[in-house]
2 protein chains.
Amino acid sequence: MSTARFAPTPAGPVGEAHRTWLACCAEAGWAPRRPVERVPLDAAAGRTTAADVHALWSSPAQERAAMDGVAVRSADTVDASQDRPVRLPPGSWDVVDTGDPLPAGRDAVIMREHVRRVPDGTVEIVAPAPPGRHVRPIGEDVVAGERLLPAGHRVRPVDAAMVAAAGHRDLPVVRRPVVAVLPTGDEIRPVGSALEPGGLGPGGIVDTNSLMLAGMAQEAGCATRVLPVVPDDPALLATAVGAAADGADLVLVIAGSSAGRDDHTAGVLATLGKVAVHGVAMRPGHPVVLGVLEDTVPVPVVGVPGYPVSAAHVFDTFAAPMIAALTGGAPRPVDRVTAVLGTAVDSPGHVEESVLVRLEDRDGTLTAVPSGRGAGALSRLARADGVLRVPAGATGHPAGATVTVERLPGAPAADRVGTG
Amino acid sequence: MSTARFAPTPAGPVGEAHRTWLACCAEAGWAPRRPVERVPLDAAAGRTTAADVHALWSSPAQERAAMDGVAVRSADTVDASQDRPVRLPPGSWDVVDTGDPLPAGRDAVIMREHVRRVPDGTVEIVAPAPPGRHVRPIGEDVVAGERLLPAGHRVRPVDAAMVAAAGHRDLPVVRRPVVAVLPTGDEIRPVGSALEPGGLGPGGIVDTNSLMLAGMAQEAGCATRVLPVVPDDPALLATAVGAAADGADLVLVIAGSSAGRDDHTAGVLATLGKVAVHGVAMRPGHPVVLGVLEDTVPVPVVGVPGYPVSAAHVFDTFAAPMIAALTGGAPRPVDRVTAVLGTAVDSPGHVEESVLVRLEDRDGTLTAVPSGRGAGALSRLARADGVLRVPAGATGHPAGATVTVERLPGAPAADRVGTG
């Protein structure tokens with residue numbers, strides 16, 4: 001049709017698109033900056049370490065009792081037996097509780113159940129206590145200088161506790177990358193529009209994508225800035241994209257990425273920087289645009305298709321790895337489960353296809369039930385438990401095939417499925 | 001030993017302890033309050049719905065084009081074929097982009113690749129378009145009135161987007177439960193103490209548990225209040241526990257839960273309310289105290305053992321389900337993987353044992369390697385990938401046995417193990 005303005009480049013595979021995008025960004029002078037800030041340990045959970053973290057001191061820093069009982073000198077106990085108990089005089093033993101530092105001169109602890117305190121101030125023991133018995137040695141937990149966390153590690157509460165035990169009170173973390181989200185389209189209305197006077201109007205579509213993508217970016221550890229909706233006007237879009245990039249580490253421009261008459265993203269991006277990829281051999285998400293803005297600082301940009309399932313998939317496929325590169329961390333790990341396919345999946349073969357599935361327990365067999373393919377159905381995405389990947393070149397799977405399903409974050413675990 | 005003040009009750013199994021605790025709380029008049037607040041959708045992720053959420057309107061609310069192309073009246077196309085193309089005059093067709101509302105009088109869309117626009121203003125088509133072809137019907141995504149989310153659902157970004165599409169701009173969620181964390185013990189020092197003048201001092205132990213437990217409670221969706229360390233003095237502890245309970249939905253009193261000479265938690269709790277359980281047949285975490293404070297409002301309390309691995313396990317076993325009850329949500333789902341046991345695990349048989357394991361890829365076989373048992377080693381917990389449960393009554397597993405491992409949140413996924 002003659003109204004197409006931009007001839008899409010031939011759609012290559014996903015991995016190639018990603019490499020092409022990164023190469024294009026690098027050529028424009030882009031590199032992850034990863035500015036560092038120190039945060040107190042009680043604010044460090046969820047952040048990504050900016051450097052290796054080493055133990056400042058050993059933990060425990062002294063020998064400590066590992067049981068409630070009495071601390072003794074092992075040598076004093078060697079002759080003790082049930083038949084010939086040994087009595088230790090006052091001053092040669094100490095009552096200790098679990099965690100207490102071992103008093104000077106003591107090298108073993110006898111559990112309180114195994115000693116008898118005699119009214120004359122002695123204790124009676126009936127078995128030898130070898131050196132180190134029920135004693136936590138220095139450095140049992142961490143040794144001074146030991147690497148506790150690698151750079152690029154997403155900090156959990158237990159990690160914060162471990163580094164606190166090793167003497168730290170704060171951590172160097174990568175500043176949260178800033179993701180700017182720019183919704184575009186004459187028909188796009190802010191969330192809740194229909195509740196305002198004037199309402200959604202005929203043809204209006206609620207801007208659900210900004211909400212979803214900003215939420216996903218926040219879950220990935222980013223700060224987000226959602227900008228006002230820009231109409232389908234190249235000049236306005238160019239201004240808005242430039243403003244969005246200011247101070248941002250990644251810009252997501254929503255919709256305007258297919259070749260319909262109002263799709264200006266690629267064209268505008270070509271004037272403000274470079275288009276690395278326009279179209280990828282994947283479904284959903286085929287019309288994605290990947291490029292870089294060449295402002296004072298180069299900023300990577302993703303033109304995200306407007307269909308919600310496509311938008312989410314493009315985020316996972318391209319934005320999430322870029323965010324990982326920005327923080328130096330790893331993308332969210334993927335949980336895979338094995339299931340039996342409930343109904344056949346036919347794929348066209350020339351694209352990598354991602355099929356949403358529900359996971360159901362059918363007579364004790366974990367069964368993956370494809371939930372259709374329309375890229376528009378947000379409810380289908382919200383109700384999916386996982387994704388079945390059909391690589392390019394494969395034409396699908398018959399019903400009954402054993403398949404690997406990638407669980408979606410927040411979807412019920414495999415052992416809890418089948419209730420809905 | 002004569003210094004034990006509280007005879008521990010016989011330690012029952014975990015499930016029984018949980019039921020006894022809940023029954024004790026209920027007897028004291030406690031019930032989850034679940035106060036409701038409305039939050040805008042862009043702040044709803046991670047919160048728990050306080051009620052079922054239904055669609056306010058259908059989405060799409062109008063029929064919409066599912067492809068870029070021309071919208072037509074299906075009846076005008078029935079005679080079209082390659083040999084005898086049909087020409088539709090101006091006014092009988094409209095150019096539409098994906099997502100556009102279907103113009104009045106049109107009921108099908110022909111993809112732009114399949115039409116030819118003729119300079120005289122007509123379009124030529126070569127195949128019939130049945131009614132509804134490439135049209136998204138009203139309610140394809142959600143139907144007005146349909147239940148979108150159940151009460152007790154932890155909201156994800158995609159859920160917020162779905163309810164926005166169905167007309168909402170905010171959601172009723174359960175107010176975050178308030179968890180008060182009260183560290184106790186003469187030897188316990190605030191995080192970072194050693195960096196201050198005076199330092200940690202001999203025998204001092206860093207308060208890593210407050211940091212870890214507060215972080216875990218926050219991850220479970222709670223607001224937290226960490227209180228100053230209370231010395232081992234029953235009167236001071238009683239005052240502090242009472243103050244901690246003020247405005248809290250759950251109080252975690254750390255340490256002071258075994259039967260050592262300075263362990264006052266159970267005694268103090270008995271004076272301020274009721275002790276439901278003191279000691280559970282599990283390892284680690286055996287000396288846990290479960291009870292309820294009978295203040296103006298009854299508040300559940302957990303006396304958490306001071307060893308970090310025990311503290312984390314007690315949180316997961318008792319605090320996490322209580323937090324789920326407070327919000328009406330489900331506890332974090334458990335990811336289970338099947339692995340081969342690398343070395344034998346021997347269990348005493350009379351307790352439910354939780355063994356930390358590393359997951360390693362050994363020649364392509366996912367292998368669970370037990371990482372020892374000391375409850376004090378925070379680094380072992382931080383480095384574990386999962387937990388192997390050995391139920392009471394079982395005496396362990398031989399090396400090479402096939403076992404089920406519960407993955408720890410934030411630990412690398414099964415397909416990424418074996419790199420460290």
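The values are calculated or read from the model by the stated rules, or taken from the named source; none is laboratory data. Predicted model, so just to flag it, every value in this text is computed and none were measured. Every residue, glycine among them, receives a Cβ derived from its backbone with ideal geometry; neighbour counts consider all protein chains shown.
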Among the residues of the stretch B:30-51, is any farther than 30 Å from residue B:217 by Cα and either within 10 Å of chain A (Cβ to nearest Cβ) or in contact (Cβ under 8 Å) with a residue 12 or more places away in the chain (or both)?
-> no
Only one of these conditions is not met by residue A:380: (1) at pLDDT below 95; (2) under 21 Å from residue A:154 (Cβ atoms); (3) part of a helix (DSSP H, G or I). Which number is it?
-> (2)
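Looking only at the stretch A:159-177, count how many residues are more than 15 Å from residue A:55 (Cα to Cα) and either among the small types (Gly, Ala, Ser) or not in a loop (DSSP other than H, G, I, E, B) (or both). Spell out how you get there, then give the answer.
The first filter runs over the stretch A:159-177 and keeps only residues more than 15 Å from residue A:55 (Cα to Cα), leaving A:173-177.
Pick out the ones that are also either among the small types (Gly, Ala, Ser) or not in a loop (DSSP other than H, G, I, E, B) (or both) and you get A:173-174.
Summing the residues that are more than 15 Å from residue A:55 (Cα to Cα) and either among the small types (Gly, Ala, Ser) or not in a loop (DSSP other than H, G, I, E, B) (or both) in the stretch A:159-177 gives 2.
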Name, by its number, the condition in (1) more than 12 Å from every other protein chain (Cβ to nearest Cβ); (2) on the phi > 0 side of the Ramachandran plot; (3) over 25 Å from the mean Cα position of the chain (by Cα) that does not hold for residue A:229.
-> (2)
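Give B:108, B:129 a once-over and let me know the one that is away from chain A (no Cβ under 14 Å), surrounded by 14 or more Cβ atoms within 10 Å (Cβ to Cβ) and without any contact (Cβ under 8 Å) to a residue 40 or more places away in the chain.
Details: B:129 fails: without any contact (Cβ under 8 Å) to a residue 40 or more places away in the chain.
After ruling out the rest, the residue left standing is B:108.
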Considering the stretch A:100-111 alone, what residues qualify as being within 16 Å of residue A:133 (Cβ to Cβ) and assigned to a loop (DSSP other than H, G, I, E, B)?
-> A:100, A:102, A:103, A:105, A:106, A:107
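Search the stretch B:327-342 for residues being aliphatic (A, V, I, L, M) and in contact with a strand residue (DSSP E or B) (Cβ under 7 Å, 6 or more places away or on another chain), and hand back the single one that is surrounded by the fewest Cβ atoms within 10 Å (Cβ to Cβ).
Keep residues of the stretch B:327-342 that are aliphatic (A, V, I, L, M), which gives B:330, B:334, B:337, B:339-341.
From what is left, the residues that are in contact with a strand residue (DSSP E or B) (Cβ under 7 Å, 6 or more places away or on another chain) are B:334, B:337, B:339-341.
Working: B:334: 17, B:337: 22, B:339: 25, B:340: 14, B:341: 22.
Checked the stretch B:327-342; the qualifying residue surrounded by the fewest Cβ atoms within 10 Å (Cβ to Cβ) is B:340.
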Going through the stretch B:203-247 in order, the residues found to be touching a residue at least 40 places away in the same chain (Cβ under 8 Å), among the hydroxyl-bearing types (Ser, Thr, Tyr) and assigned to a helix (DSSP H, G or I) are B:208, B:210
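Among the residues of the stretch B:33-62, which ones are outside any loop (DSSP other than H, G, I, E, B), modelled with pLDDT of 95 or more and more than 18 Å from the chain's Cα centre (by Cα)?
First, the residues of the stretch B:33-62 that are outside any loop (DSSP other than H, G, I, E, B): B:36-43, B:48-49, B:53-54, B:59.
This time we only want the ones that are modelled with pLDDT of 95 or more, so: B:36-43, B:48-49, B:53-54.
Result: B:36, B:37, B:38, B:39, B:40, B:41, B:42, B:53, B:54.
Does residue B:296 satisfy the condition of being assigned to a helix (DSSP H, G or I) and surrounded by fewer than 24 Cβ atoms within 10 Å (Cβ to Cβ)? Outline the logic, then answer.
Numbers: assigned to a helix (DSSP H, G or I): no; surrounded by fewer than 24 Cβ atoms within 10 Å (Cβ to Cβ): yes.
Spelling it out, it is not the case that residue B:296 is assigned to a helix (DSSP H, G or I) and surrounded by fewer than 24 Cβ atoms within 10 Å (Cβ to Cβ).
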Looking at (1) at the interface with chain A (Cβ under 10 Å from one of its Cβ atoms); (2) touching a helix residue (DSSP H, G or I) at 6+ places or on another chain (Cβ under 6 Å), which is the one condition that is false for residue B:179?
-> (1)
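So which of A:182, A:200 is of a type in the set (A, V, I, L, M, F, W, C), in contact with a Ser or Thr (Cβ under 9 Å, 6 or more places away or on another chain) and surrounded by fewer than 24 Cβ atoms within 10 Å (Cβ to Cβ)?
Every option except A:200 fails the conditions.
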Would the stretch B:271-291 turn up any residue that is out of contact with any helix residue (DSSP H, G or I) (no Cβ under 7 Å at 6 or more places or on another chain) and free of Cβ contacts under 8 Å to residues at least 24 places away in the same chain?
-> no
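Filter the stretch A:188-202 down to the residues that are assigned to a loop (DSSP other than H, G, I, E, B) and more than 7 Å from chain B (Cβ to nearest Cβ), then identify the one that is modelled with the highest pLDDT.
Step one: of the stretch A:188-202, the residues assigned to a loop (DSSP other than H, G, I, E, B) are A:190-192, A:196-202.
From what is left, the residues that are more than 7 Å from chain B (Cβ to nearest Cβ) are A:190, A:196-201.
On the way: A:190: 91, A:196: 66, A:197: 62, A:198: 62, A:199: 68, A:200: 78, A:201: 77.
Among those that are assigned to a loop (DSSP other than H, G, I, E, B) and more than 7 Å from chain B (Cβ to nearest Cβ), it is A:190.
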Residue in the stretch A:132-158 that is surrounded by the most Cβ atoms within 10 Å (Cβ to Cβ), counting only those that are assigned to a loop (DSSP other than H, G, I, E, B) and within 25 Å of the chain's Cα centre (by Cα) = A:155
In the set A:240, A:214, A:245, which member is crowded, with 21+ Cβ neighbours inside 10 Å, farther than 26 Å from residue B:97 by Cα and out of contact with any Pro (no Cβ under 7 Å at 6 or more places or on another chain)?
-> A:245
Look through A:268, A:309 and report the one residue that is under 22 Å from the mean Cα position of the chain (by Cα), outside any strand (DSSP E or B) and buried (at least 21 other Cβ atoms within 10 Å of the Cβ).
-> A:309
